[in-house]
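A.B. asks: Once you've had a glance at the structure underneath, I'll fire off some questions.
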(Lines give C-alpha, C1' and ligand atoms only; values in the text may rest on other atoms or scores of the structure.)
Protein backbone atom coordinates (compact mmCIF):
# COMPACT_ATOMS: atom_id res chain seq x y z
CA UNK A 1 0.00 0.00 0.00
CA UNK A 2 1.26 3.46 -0.80
CA UNK A 3 1.72 5.88 2.07
CA UNK A 4 0.70 8.89 0.07
CA UNK A 5 -2.21 9.86 -2.20
CA UNK A 6 -5.74 8.64 -2.08
CA UNK A 7 -4.72 4.98 -1.86
CA UNK A 8 -2.79 5.34 1.40
CA UNK A 9 -5.78 4.08 3.43
CA UNK A 10 -7.14 5.46 6.67
CA UNK A 11 -4.94 7.06 9.28
CA UNK A 12 -5.35 5.73 12.78
CA UNK A 13 -7.38 8.85 13.63
CA UNK A 14 -9.70 8.35 10.66
CA UNK A 15 -10.01 4.66 11.47
CA UNK A 16 -10.87 5.56 15.06
CA UNK A 17 -13.66 7.82 13.83
CA UNK A 18 -14.97 5.11 11.49
CA UNK A 19 -15.05 2.43 14.18
CA UNK A 20 -15.91 4.60 17.21
CA UNK A 21 -12.80 3.23 18.91
CA UNK A 22 -10.16 5.39 20.53
CA UNK A 23 -6.67 5.69 19.10
CA UNK A 24 -5.37 4.27 22.38
CA UNK A 25 -7.58 1.20 21.99
CA UNK A 26 -6.45 0.65 18.41
CA UNK A 27 -2.83 0.87 19.48
CA UNK A 28 -3.50 -1.70 22.20
CA UNK A 29 -5.13 -4.04 19.66
CA UNK A 30 -2.04 -3.64 17.48
CA UNK A 31 0.40 -4.32 20.32
CA UNK A 32 -1.51 -7.45 21.33
CA UNK A 33 -1.52 -8.74 17.75
CA UNK A 34 -5.31 -8.64 17.40
CA UNK A 35 -5.52 -5.99 14.70
CA UNK A 36 -2.36 -4.92 12.95
CA UNK A 37 -2.43 -1.93 10.60
CA UNK A 38 -2.50 -2.71 6.89
CA UNK A 39 0.75 -0.72 6.58
CA UNK A 40 3.10 1.41 8.61
CA UNK A 41 5.04 4.29 7.08
CA UNK A 42 8.71 3.40 7.67
CA UNK A 43 9.80 7.01 7.98
CA UNK A 44 7.00 8.49 10.11
CA UNK A 45 5.73 5.36 11.87
CA UNK A 46 2.15 6.34 10.99
CA UNK A 47 -0.32 3.47 10.97
CA UNK A 48 -2.73 3.04 8.06
CA UNK A 49 -5.83 0.85 7.94
CA UNK A 50 -8.21 -0.28 5.19
CA UNK A 51 -11.97 -0.01 5.18
CA UNK A 52 -12.07 -3.82 5.09
CA UNK A 53 -10.63 -3.86 8.62
CA UNK A 54 -13.54 -1.91 10.09
CA UNK A 55 -15.75 -5.00 10.75
CA UNK A 56 -12.82 -6.83 12.39
CA UNK A 57 -12.17 -3.89 14.71
CA UNK A 58 -15.82 -3.74 15.70
CA UNK A 59 -15.96 -7.50 16.32
CA UNK A 60 -12.91 -7.26 18.59
CA UNK A 61 -14.50 -4.37 20.45
CA UNK A 62 -17.75 -6.28 21.04
CA UNK A 63 -15.89 -9.37 22.23
CA UNK A 64 -13.83 -7.31 24.63
CA UNK A 65 -16.99 -5.63 25.92
CA UNK A 66 -18.12 -9.16 26.82
CA UNK A 67 -14.81 -9.67 28.66
CA UNK A 68 -13.60 -12.31 26.22
CA UNK A 69 -9.89 -12.79 27.08
CA UNK A 70 -7.41 -11.51 24.51
CA UNK A 71 -6.14 -15.03 23.78
CA UNK A 72 -9.66 -16.22 22.98
CA UNK A 73 -10.33 -13.17 20.82
CA UNK A 74 -7.26 -14.13 18.82
CA UNK A 75 -8.53 -17.70 18.38
CA UNK A 76 -11.95 -16.45 17.25
CA UNK A 77 -10.41 -14.12 14.67
CA UNK A 78 -7.91 -16.74 13.49
CA UNK A 79 -10.47 -19.37 12.48
CA UNK A 80 -12.45 -19.29 9.26
CA UNK A 81 -14.72 -22.11 10.43
CA UNK A 82 -18.03 -20.54 11.53
CA UNK A 83 -18.87 -23.54 13.74
CA UNK A 84 -15.57 -23.33 15.59
CA UNK A 85 -16.00 -19.58 15.97
CA UNK A 86 -19.56 -19.99 17.25
CA UNK A 87 -18.41 -22.67 19.69
CA UNK A 88 -15.70 -20.44 21.14
CA UNK A 89 -18.13 -17.55 21.57
CA UNK A 90 -20.85 -19.80 23.04
CA UNK A 91 -18.42 -21.23 25.61
CA UNK A 92 -17.53 -17.74 26.79
CA UNK A 93 -21.18 -16.65 26.87
CA UNK A 94 -21.97 -19.65 29.07
CA UNK A 95 -19.22 -18.59 31.48
CA UNK A 96 -20.46 -15.01 31.35
CA UNK A 97 -24.04 -16.11 32.07
CA UNK A 98 -22.86 -18.14 35.05
CA UNK A 99 -21.00 -15.09 36.35
CA UNK A 100 -24.08 -12.91 35.85
CA UNK A 101 -26.22 -15.46 37.69
CA UNK A 102 -23.79 -15.43 40.63
CA UNK A 103 -23.79 -11.63 40.65
CA UNK A 104 -27.60 -11.46 40.56
CA UNK A 105 -27.89 -14.02 43.35
CA UNK A 106 -25.38 -12.12 45.48
CA UNK A 107 -27.23 -8.82 44.94
CA UNK A 108 -30.61 -10.38 45.77
CA UNK A 109 -29.23 -12.05 48.88
CA UNK A 110 -27.55 -8.85 50.05
CA UNK A 111 -30.75 -6.86 49.53
CA UNK A 112 -32.67 -9.41 51.62
CA UNK A 113 -30.07 -9.20 54.38
CA UNK A 114 -30.12 -5.40 54.42
CA UNK A 115 -33.94 -5.29 54.36
CA UNK A 116 -34.99 -8.26 56.50
CA UNK A 117 -38.64 -9.24 56.63
CA UNK A 118 -40.33 -8.09 59.85
CA UNK A 119 -41.48 -10.55 62.47
CA UNK A 120 -40.44 -14.09 63.29
CA UNK A 121 -40.02 -16.66 60.58
CA UNK A 122 -43.09 -18.93 60.33
CA UNK A 123 -41.84 -22.42 61.21
CA UNK A 124 -43.81 -25.67 61.43
CA UNK A 125 -42.70 -28.44 63.77
CA UNK A 126 -43.94 -31.80 62.55
CA UNK A 127 -43.22 -35.51 62.58
CA UNK A 128 -43.02 -37.54 59.38
CA UNK A 129 -43.45 -41.28 59.18
CA UNK A 130 -41.04 -43.52 57.28
CA UNK A 131 -41.82 -43.62 53.58
CA UNK A 132 -40.57 -45.08 50.31
CA UNK A 133 -39.32 -42.82 47.54
CA UNK A 134 -37.92 -43.31 44.05
CA UNK A 135 -34.50 -41.73 44.38
CA UNK A 136 -31.13 -41.05 42.83
CA UNK A 137 -28.23 -40.49 45.19
CA UNK A 138 -24.54 -39.73 44.74
CA UNK A 139 -21.58 -37.97 46.30
CA UNK A 140 -21.36 -34.55 44.66
CA UNK A 141 -19.11 -31.49 44.77
CA UNK A 142 -20.88 -28.33 45.88
CA UNK A 143 -19.81 -26.47 42.72
CA UNK A 144 -21.46 -29.14 40.55
CA UNK A 145 -24.59 -29.80 42.57
CA UNK A 146 -26.96 -27.77 40.36
CA UNK A 147 -25.84 -29.54 37.18
CA UNK A 148 -26.09 -32.91 38.93
CA UNK A 149 -29.56 -32.02 40.24
CA UNK A 150 -30.86 -31.08 36.79
CA UNK A 151 -29.68 -34.37 35.31
CA UNK A 152 -30.95 -36.49 38.19
CA UNK A 153 -34.39 -34.86 38.21
CA UNK A 154 -34.73 -35.26 34.46
CA UNK A 155 -34.00 -38.96 34.86
CA UNK A 156 -36.48 -39.27 37.73
CA UNK A 157 -39.18 -37.45 35.75
CA UNK A 158 -38.64 -39.87 32.88
CA UNK A 159 -38.70 -42.97 35.10
CA UNK A 160 -41.70 -42.05 37.28
CA UNK A 161 -44.90 -41.05 35.44
CA UNK A 162 -46.76 -38.14 36.99
CA UNK A 163 -49.76 -40.31 37.91
CA UNK A 164 -47.49 -42.46 40.10
CA UNK A 165 -46.11 -39.58 42.16
CA UNK A 166 -47.58 -39.02 45.61
CA UNK A 167 -46.40 -35.47 46.11
CA UNK A 168 -43.81 -32.87 45.08
CA UNK A 169 -40.17 -33.88 44.57
CA UNK A 170 -37.55 -33.32 47.21
CA UNK A 171 -33.88 -33.47 48.01
CA UNK A 172 -31.67 -34.33 50.99
CA UNK A 173 -28.30 -32.61 51.33
CA UNK A 174 -25.70 -33.93 53.80
CA UNK A 175 -23.99 -31.40 56.02
CA UNK A 176 -20.59 -32.27 54.51
CA UNK A 177 -21.73 -30.80 51.19
CA UNK A 178 -21.68 -27.38 52.85
CA UNK A 179 -18.93 -27.85 55.45
CA UNK A 180 -16.24 -29.40 53.22
CA UNK A 181 -17.71 -28.78 49.74
CA UNK A 182 -18.46 -32.43 48.93
CA UNK A 183 -21.19 -34.68 50.28
CA UNK A 184 -24.04 -37.06 49.62
CA UNK A 185 -27.08 -35.70 47.77
CA UNK A 186 -30.37 -37.53 47.27
CA UNK A 187 -33.27 -36.38 45.09
CA UNK A 188 -36.56 -38.18 44.84
CA UNK A 189 -40.21 -38.50 43.93
CA UNK A 190 -42.48 -39.90 46.64
CA UNK A 191 -44.18 -43.05 45.28
CA UNK A 192 -46.19 -46.06 46.42
CA UNK A 193 -43.71 -48.48 44.85
CA UNK A 194 -40.50 -47.57 43.08
CA UNK A 195 -39.01 -49.33 40.07
CA UNK A 196 -35.28 -49.82 39.62
CA UNK A 197 -34.48 -48.06 36.37
CA UNK A 198 -31.08 -46.64 35.44
CA UNK A 199 -29.87 -44.77 38.51
CA UNK A 200 -33.36 -44.75 40.08
CA UNK A 201 -33.74 -46.97 43.14
CA UNK A 202 -36.39 -47.41 45.87
CA UNK A 203 -35.10 -45.89 49.11
CA UNK A 204 -36.75 -45.96 52.55
CA UNK A 205 -36.60 -42.57 54.25
CA UNK A 206 -36.70 -42.97 58.03
CA UNK A 207 -39.20 -41.33 60.36
CA UNK A 208 -38.05 -37.86 61.33
CA UNK A 209 -39.01 -34.75 63.29
CA UNK A 210 -38.68 -31.55 61.29
CA UNK A 211 -38.53 -27.80 61.75
CA UNK A 212 -39.75 -26.52 58.39
CA UNK A 213 -40.38 -23.20 56.67
CA UNK A 214 -41.26 -22.07 53.15
CA UNK A 215 -38.91 -20.01 51.00
CA UNK A 216 -40.89 -17.85 48.57
CA UNK A 217 -39.59 -17.02 45.11
CA UNK A 218 -36.33 -17.78 43.27
CA UNK A 219 -33.36 -19.37 44.98
CA UNK A 220 -31.09 -16.32 44.64
CA UNK A 221 -31.56 -15.50 48.33
CA UNK A 222 -32.49 -18.94 49.67
CA UNK A 223 -29.38 -18.76 51.87
CA UNK A 224 -31.08 -15.97 53.83
CA UNK A 225 -34.03 -18.26 54.60
CA UNK A 226 -31.58 -20.99 55.62
CA UNK A 227 -29.96 -18.58 58.05
CA UNK A 228 -33.26 -17.46 59.53
CA UNK A 229 -34.35 -21.08 60.00
CA UNK A 230 -31.04 -21.90 61.71
CA UNK A 231 -31.55 -18.96 64.08
CA UNK A 232 -35.09 -20.13 64.86
CA UNK A 233 -33.90 -23.67 65.63
CA UNK A 234 -31.15 -22.42 67.95
CA UNK A 235 -33.43 -19.90 69.66
CA UNK A 236 -35.91 -22.68 70.41
CA UNK A 237 -33.24 -24.91 71.95
CA UNK A 238 -33.45 -27.57 69.26
CA UNK A 239 -30.50 -29.41 67.78
CA UNK A 240 -30.12 -30.20 64.12
CA UNK A 241 -29.88 -33.95 63.53
CA UNK A 242 -29.29 -35.06 59.97
CA UNK A 243 -29.21 -33.73 56.39
CA UNK A 244 -31.09 -30.64 55.30
CA UNK A 245 -34.25 -31.50 53.41
CA UNK A 246 -35.83 -29.47 50.61
CA UNK A 247 -39.25 -30.06 49.09
CA UNK A 248 -39.98 -28.34 45.80
CA UNK A 249 -43.63 -27.51 46.39
CA UNK A 250 -43.72 -25.29 43.29
CA UNK A 251 -40.63 -25.21 41.10
CA UNK A 252 -39.45 -24.45 37.57
CA UNK A 253 -41.09 -27.63 36.27
CA UNK A 254 -44.45 -26.41 37.62
CA UNK A 255 -44.29 -22.71 36.83
CA UNK A 256 -41.70 -20.81 34.73
CA UNK A 257 -42.27 -17.65 36.81
CA UNK A 258 -39.66 -17.64 39.63
CA UNK A 259 -41.85 -15.47 41.85
CA UNK A 260 -44.33 -18.36 42.05
CA UNK A 261 -41.75 -20.87 43.31
CA UNK A 262 -42.20 -22.32 46.80
CA UNK A 263 -39.43 -24.35 48.40
CA UNK A 264 -39.82 -25.95 51.81
CA UNK A 265 -36.62 -26.07 53.84
CA UNK A 266 -36.71 -28.56 56.70
CA UNK A 267 -34.07 -29.34 59.29
CA UNK A 268 -34.31 -32.66 61.12
CA UNK A 269 -34.22 -32.07 64.89
CA UNK A 270 -34.01 -34.35 67.85
CA UNK A 271 -37.38 -35.89 68.63
CA UNK A 272 -39.61 -33.43 70.45
CA UNK A 273 -41.19 -34.35 73.75
CA UNK A 274 -44.97 -34.75 73.50
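A.B. asks: For residue 242, are the conditions met, namely being surrounded by 16 or more Cβ atoms within 10 Å (Cβ to Cβ) and over 16 Å from residue 135 (Cβ atoms)?
C.D. replies: Values: surrounded by 16 or more Cβ atoms within 10 Å (Cβ to Cβ): yes; over 16 Å from residue 135 (Cβ atoms): no.
It is false that residue 242 is surrounded by 16 or more Cβ atoms within 10 Å (Cβ to Cβ) and over 16 Å from residue 135 (Cβ atoms).
A.B. asks: Checking residue 229 against (1) crowded, with 19+ Cβ neighbours inside 10 Å; (2) modelled with pLDDT of 90 or more, which single condition isn't satisfied?
C.D. replies: Condition (2) is where residue 229 drops out.
A.B. asks: Checking the condition under 28 Å from the mean Cα position of the chain (by Cα) and either in contact (Cβ under 8 Å) with a residue 60 or more places away in the chain or assigned to a helix (DSSP H, G or I) (or both), which residue from 209, 220 passes? I'd like the intermediate steps shown before the answer.
C.D. replies: Details: 209 fails: under 28 Å from the mean Cα position of the chain (by Cα).
Exactly one residue qualifies, and that residue is 220.
A.B. asks: Tell me yes or no: at least one residue of region 192-210 is farther than 30 Å from residue 232 by Cβ, in contact with a helix residue (DSSP H, G or I) (Cβ under 8 Å, 6 or more places away or on another chain) and surrounded by 14 or more Cβ atoms within 10 Å (Cβ to Cβ).
C.D. replies: Scanning region 192-210, I find at least one residue that is farther than 30 Å from residue 232 by Cβ, in contact with a helix residue (DSSP H, G or I) (Cβ under 8 Å, 6 or more places away or on another chain) and surrounded by 14 or more Cβ atoms within 10 Å (Cβ to Cβ), so the answer is yes.
A.B. asks: Any chance region 31-49 includes a residue that's in contact with a helix residue (DSSP H, G or I) (Cβ under 6 Å, 6 or more places away or on another chain), modelled with pLDDT of 85 or more and exposed (fewer than 15 other Cβ atoms within 10 Å of the Cβ)?
C.D. replies: So the first thing to find is which residues in region 31-49 are in contact with a helix residue (DSSP H, G or I) (Cβ under 6 Å, 6 or more places away or on another chain), and the list is 32, 34-36, 47-49.
Checking which are modelled with pLDDT of 85 or more leaves us with 32, 34-36, 47-49.
If we keep only those that are exposed (fewer than 15 other Cβ atoms within 10 Å of the Cβ) too, we end up with 32, 36.
Checked region 31-49: at least one residue is in contact with a helix residue (DSSP H, G or I) (Cβ under 6 Å, 6 or more places away or on another chain), modelled with pLDDT of 85 or more and exposed (fewer than 15 other Cβ atoms within 10 Å of the Cβ).
A.B. asks: Given region 1-88, what helices (runs of 4 or more DSSP H) lie entirely inside it while holding 3 or more residues that are free of Cβ contacts under 8 Å to residues at least 60 places away in the same chain and touching a strand residue (DSSP E or B) at 6+ places or on another chain (Cβ under 9 Å)?
C.D. replies: Numbers: elements: 12-19, 23-31, 54-65, 70-78.
Those helices (runs of 4 or more DSSP H) span 12-19, 23-31.
Okay, residues lined up against (1) out of contact with any strand residue (DSSP E or B) (no Cβ under 8 Å at 6 or more places or on another chain); (2) surrounded by fewer than 19 Cβ atoms within 10 Å (Cβ to Cβ); (3) in a helix (DSSP H, G or I):
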| residue | (1), (2), (3) |
| --- | --- |
| 132 | no, yes, no |
| 137 | no, yes, no |
| 144 | yes, yes, yes |
| 150 | yes, yes, yes |
| 153 | no, no, yes |
| 163 | yes, yes, yes |
| 167 | no, yes, no |
| 172 | no, no, no |
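The values are calculated or read from the model by the stated rules, or taken from the named source; none is laboratory data. Quick caveat: nothing in here was measured; it's all calculated off a predicted structure. Here the Cβ is made from the backbone with ideal geometry for all residues, glycine too, and neighbour counts use every protein chain on show.
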